[in-house]
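A quick write-up on the structure given underneath.
The values are calculated or read from the model by the stated rules, or taken from the named source; none is laboratory data. Keep in mind the model is a prediction, meaning the values are calculated, not measured. Here the Cβ positions follow ideal geometry from the backbone for every residue, glycine too, while neighbour counts run over all protein chains shown. To get the accessible areas, we keep the full protein, side chains included, count just its heavy atoms, and leave off ligands, DNA and RNA. Shrake-Rupley method; radii C 1.70, N 1.55, O 1.52, S 1.80 Å.
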Amino acid sequence: GIALGVDELPLLEEVQSAWSTRLGSEAERHQVEWKKATPPVPWYDVIQHRNTIDNPNLVVWASAYRPEFLPWLYPHRSELDNRGSRAGLLAPQFRPERLLRDVTGLTIAVPAKLRNEVSRQLEAVGFRRSLQGAVLELRNADWMLRLLEADATRTGLLAIEVATNHDRAGEIVLGARSTIEVGRDRTALLYLACSRSARACID
């Protein structure tokens, strides 16, 4: 699945309105609780649309943390640090010595009809669509999704683009057919096993 995170709950209402208006039927909203606590703690709210909610290939949703969650998780932090943003949640786990910093792009192969539905859903909330040969690209300010049509040789998640903390060019082999290529421009590309040559699946 792909979760589109927004930093404030009111922004979810904008997403719900955009999907309901642009996609032809009402988008649904529900709340998720952190049930490992007693009593359960409100965790985040979710917006989903039926066009991509129920299929075995790729599910899309939007979410925002509940205002109760970060103060419960980090009770000793300031109110400013516990505002509910994704960055606020992840900041205590950041380690500058680690190589990988953040995911900046995905390449996924899905059925043609689903590819079109995912594109419509992301375009409705501001992603820019372009067709590069057989690859449908959807971009926003700092993230990109590449969608290919699935076939007998490629399906599912094919590659992950990552921002890194260090300029360290090289290659990290992960098993027989998966590789991380690390560049000197603080980027890396993880090719996942999808055929005899993983890279051939996305070229």
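The dipole here belongs to region 1-98: it is taken about the Cα centre, uses +1 on the Cβ of Lys and Arg and -1 on the Cβ of Asp and Glu, and is about 340 debye.
Size of region 117-156: Rg and Dmax of its alpha carbons, in Å, are 10.8, 33. On a per residue basis, the chain carries 58 Å² of accessible surface, using protein heavy atoms and a 1.4 Å probe. Here the simple spin-label model places points 7 Å from the Cα toward Cβ, and for Tyr74 and Asp185 these points are separated by 3.2 nm. For region 85-130, the share of accessible area belonging to carbon and sulfur comes to 54 percent (1.4 Å probe, ligands and nucleic acids excluded). Of all DSSP beta bridges confined to region 1-82, the antiparallel ones make up roughly 75%.
Which of rounded, prolate or oblate describes the chain when judged by the alpha-carbon gyration tensor and an a/c cut-off of 1.5?
Note, shape of the chain comes out oblate.
Remark: the Asn116-Arg86 segment gains 8.0 nm on full extension, using 0.36 nm per residue and subtracting the alpha carbon distance.
Annotation: for a label point projected 7 angstrom from Cα along Cα→Cβ of Thr104, no residues of region 1-28 have a backbone N closer than 16 Å.
Sorting the segments 20-31, 107-118, 155-166 by their residues' average number of neighbouring beta-carbon atoms within 10 angstrom, most packed first, yields 107-118, 155-166, 20-31.
In the elastic network of the chain, a GNM with C-alpha springs shorter than 10 Å, the most mobile of Ala176, Ala91, Ala124 is Ala176.
Counting only protein heavy atoms and using a 1.4 Å probe, the accessible area of Phe69 comes to about 10 Å².
Label zone of Asp142 (point 7 Å out along Cα→Cβ, amide N under 18 Å): in region 98-129 this covers 98-106, 126-128.
Calculated [222 nm] ellipticity per residue, helices only, for the chain: -5500 deg cm²/dmol; basis is -39500 (n - 2.57) per DSSP H run with n ≥ 4, divided by all residues, nearest 500.
Annotation: for a label point projected 7 angstrom from Cα along Cα→Cβ of Asp54, residues of region 3-29 with backbone N closer than 19 Å are 20, 23-29. The mean sequence separation of alpha-carbon pairs under 8 Å and at least six residues apart, normalised by the residue count of region 87-203, gives a relative contact order of 26 percent. With a point put 7 Å past each Cα toward its Cβ, work out how far Ser178 is from Leu157 in nm, to one decimal. Calculated label separation equals 0.8 nm. Inter-part distance, region 4-20 to region 72-134, computed on C-alpha centroids, equals 14 Å.
Simple spin-label estimate for Glu171 and Ala3 gives 3.5 nm between the two label positions (7 Å along the Cα-to-Cβ direction from each Cα).
Of the peptides 177-185, 58-66, how do they stack up when ordered by the mean number of other Cβ atoms within 10 Å, highest first?
58-66, 177-185
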